[in-house]
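Rule-based calculations on the coordinates, nothing more; no lab input. Predicted model only: the values in this text are computed from it and were never measured. Methodologically, a virtual Cβ is constructed for each residue, glycine included, from the backbone with ideal geometry; neighbour enumeration extends over all protein chains shown.
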Amino acid sequence: MSFIFMDFEASGLEPAWDVPLQAAYIETDSDLRPVQETVLRARLPAYVVPSPDALLVTGLDSDSIEAAPLSQLEMMRAIAGILAAASPATILGYSNLKYDDELQRHSAFRTLHPPYATSMPGFARADVLIMLRAVAMLAPGAITIPVTPHGKPTMRLGPVCRANGIALDEADAHDALNDVHATIALFRLLRERAPTIIAAMMANAHKSGPAGMLARPEALGLGLFNRMIPAGGIMPTPGNASSWAVADLTVDPTYLDATPEQLGEMLFARGERPIRLVKTNAQPILLPWEMTAPVLQGEVPPDGELQARLARIRGHASFRDNLAIALAGRFADKTPSPWPDDSLYSGGFISREDAITSRRWHEVAWDQRVRLGRELLGDVRLKAFANRWAWLEAPEEFSAAEREKGAAWFALRLDTQDDVPWLTRPIALQRIAALKAETGAGNDARVRQLDSIECWIAGRGRTLSRTA
């Protein structure tokens, strides 16, 4: 199986609302020898207001973004092609399971591509940051974790690479291709210095690995943010087999007679949490007990007691019934998002018929795309996205009334004063003012950068609004 290393630089940190501006993919063989390298750069859609903070961090400027060769539709179509050609493969990045994969998933959704492509058969997903955390806990002498000037450990990619002899200057970081090369080098180093841990973690890159471990009757080691605990699988969440309820075996299970309501509170309690949820499709740090027991800190019950606790938990029928009720009710009261961009996980899976129509939508001219969106797409979210792209790219295909409706939506996205989940122009300009106020005297380069960002954001969309 080959590896696909990937990284995005984006307009902000909210996958449901932001978009990728740079994408880098490097395919390697199992020995990490590069096979193919792809770099994509896309323009910012007119309706998206970029985060000033993100632009400062990445160093992307308006001229380079506006001059990018691809539209968002073209970028995501190219990415869909890369993924289709790569299978079978393991996809890796640095903090990708928390951010880059989510950005790719939401961006595919908004552009009428399969959002769960990387979760389909033929793919596994791994995160070098998660594996670094596992090595830091289980074999702390194998890798150097740098500290900030304030004395706190940091696992930011740049400092970690430099602390371990991998070249990645801060000026070169936050470029998608540079970050991918650094991620490959760090993964190679981890494989060399902690091969047993990395092999065990790579077995968790597909959800079948952790799910199989959690179904076993013995205790396991579960990695939290910065420590290991003994744990045991209880049961998968009803309706979501990728989410498992797991018992913290350092806690005496006096909760077995708790009501479903009490168990629901335990799942999200602060401090001691006797029951936790583990995502089997997010490469959890879940390892055999014999690998983790030597590094556990604090008071840990003897192995025999851990096994006895897990047996009591699993053998208590009414507890399992009540926990199933608590797990099934986790999102019962959650109100679905009224915005299509934020409804990937609340609006249901895309039907086979709509998936076929979406593929066809990418193959035809704009006049036919408008027809497909109106007549054949059944999912209201996909209808909204199809109409959005047609209004932005081919407004002549709409009636005057439809163009006016599109202009009203466009004005709402950019300049509404309402409390909305996306970044608007007024809020972005307020943030720029705050960043200027925070900028120290004499930092003329930063002030000029903020002035340029302010001018760009203030003028975005005016031509489109006038011609709509």
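The aspartates and glutamates whose alpha-carbon is closer than 14 Å to the alpha-carbon of K436, local same-chain residues fewer than 8 away aside, are D53, D444, D451, E454. Note: relative contact order over the chain, using C-alpha pairs below 8 Å and six or more positions apart, is 15 percent.
For the range 67-127, a simple Cβ point-charge model (Lys and Arg +1, Asp and Glu -1, everything else neutral) yields a dipole of about 100 debye relative to the Cα centre. The chymotrypsin sites (Phe, Trp or Tyr not before Pro) found in the range 333-362 that occupy coil by DSSP, while having at most 12 further C-beta atoms within 10 Å, are F349.
Charging the Cβ of each Asp and Glu at -1 and of each Lys and Arg at +1, and nothing else, the dipole of the chain about its Cα centre rounds to 500 debye. Measuring nothing but how far apart in sequence close Cα pairs (under 8 Å, 6+ apart) lie, relative to its length, the range 51-198 scores a relative contact order of 21 percent. Cross-link partners for K98 among the lysines, with Cα-Cα distance under 21 Å and sequence neighbours closer than 8 places in the same chain left out: K207, K279. Among the listed options (i) 60, 56, 41; (ii) 74, 52, 46; (iii) 66, 62, 38, the one matching Cα extents along the principal axes in Å as calculated from these coordinates is (ii). Return the FRET efficiency for the residue pair V295, T148: r is the Cβ-Cβ distance, R0 is 35 Å, and the value is rounded to the nearest 0.05. That pair, V295 with T148, gives E of 0.90. Counting only lysines at least 8 places from K405 when in the same chain, those with an alpha carbon closer than 25 Å to its own are K383.
For the range 193-283, the convex hull drawn through the C-alpha positions has a volume of 111 cubic angstrom per residue.
For A311 and A355, compute 0.36 nm times the residue count separating them, minus their Cα-Cα distance, and round to one decimal in nm.
Working: separation 44, 0.36 × 44 = 15.84 nm, distance 4.48 nm.
Taking A311 through A355 to full extension adds about 11.4 nm, to one decimal.
Let me have the relative contact order for the range 1-135, percent, based on Cα pairs under 8 Å that are six or more residues apart.
Values: 230 pairs, mean separation 36.2, N = 135.
For the range 1-135, the relative contact order is 27 percent.
For the range 103-194, place one equal point scatterer on every Cα, skip the solvent, and apply the Debye formula. What is log10 of I(q)/I(0) at q = 0.10, 0.25 Å⁻¹? These q points yield log10 I(q)/I(0) values of -0.35, -1.23. Summing Cβ point charges (Lys, Arg +1; Asp, Glu -1) relative to the Cα centre of the range 34-91 gives a dipole of roughly 240 debye.
Ranking A89, A437, P210 by Cα position along the charge dipole of the chain, where only Lys, Arg, Asp and Glu carry charges on their C-beta atoms, puts P210 farthest toward the positive end.
Hey, if you put +1 on the Cβ of every Lys and Arg and -1 on every Asp and Glu Cβ in the range 342-467, which of V447, G347, S399 ends up farthest toward the positive end of that dipole? Farthest towards the positive end: V447.
For the chain, what does the helix formula give at 222 nm: sum of -39500 (n - 2.57) over DSSP H segments with n ≥ 4, over the residue count, nearest 500 deg cm²/dmol? Before the final figure, lay out each step's value.
On the way: 20 runs with 211 residues, N = 468.
Only helices count here, giving -13500 deg cm²/dmol.
Once you reduce the range 248-306 and the range 134-169 to the center of their Cα atoms, the two points are 28 Å from each other.
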